[in-house]
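Down below is the structure, laid out as structure tokens.
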């Protein structure tokens, strides 16, 4: 009865000691600014954070389409900065395009545009399906 417990304890001890050795060799990685400019979705996260900060502390009165325009402006600015820093290939126009698409994604602007274009009476659609 005593041997299996000693065997398990020995395995646990060896595993723990080797694990500590591997953990001590681990290198912490710092923040990489270039990771924001991989695609529009990752840049949109930064746009959301910046727009939320601006709306909370600096521009408290912006609402509705103003939020979409603010996020487009912030996105375009970040894209232009990424292009100037060399994180976006294709020059300033590509950087602004990436930023605008990130701003549109961040604000839900595409949903607002398609919702405004597709406004219709829900009863007319249901009547069309029934008849």
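Structure values in brief
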{"quantity": "Region 83-101 residues that are farther than 12 Å from residue 34 by Cβ, paired with ones that are in a loop (DSSP other than H, G, I, E, B) (beta carbon under 7 Å, 6 or more apart)", "calculated": "94/88; 95/88; 98/88"}
{"quantity": "Long-range neighbours under 7 Å by Cβ, at least six apart or interchain, first residue within 20 Å of residue 104 (Cα to Cα) within region 53-65, second outside any helix (DSSP H, G or I)", "calculated": "55/62"}
{"quantity": "Residue 93 vs. criteria modelled with pLDDT of 90 or more and in contact with a helix residue (DSSP H, G or I) (Cβ under 8 Å, 6 or more places away or on another chain)", "calculated": "no"}
{"quantity": "Any hit, region 15-22, residues being modelled with pLDDT of 85 or more and either closer than 30 Å to residue 91 by Cα or assigned to a helix (DSSP H, G or I) (or both)", "calculated": "no"}
{"quantity": "Selection within region 31-67 - over 23 Å from residue 85 (Cβ atoms), part of a helix (DSSP H, G or I) and out of contact with any helix residue (DSSP H, G or I) (no Cβ under 8 Å at 6 or more places or on another chain)", "calculated": "52, 56, 57, 58, 66"}
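This table checks each residue for (1) on the phi > 0 side of the Ramachandran plot; (2) within 21 Å of the chain's Cα centre (by Cα); (3) modelled with pLDDT of 90 or more.
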| position | (1), (2), (3) |
| --- | --- |
| 52 | no, yes, yes |
| 63 | no, no, no |
| 68 | no, yes, no |
| 73 | no, yes, yes |
| 82 | no, yes, yes |
| 97 | no, yes, yes |
| 107 | no, yes, no |
| 117 | no, no, no |
| 131 | no, no, no |
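The values are calculated or read from the model by the stated rules, or taken from the named source; none is laboratory data. Just so we're clear, the structure is a prediction, and the values are computed from it rather than from any experiment. Every residue, glycine among them, receives a Cβ derived from its backbone with ideal geometry; neighbour counts consider all protein chains shown.
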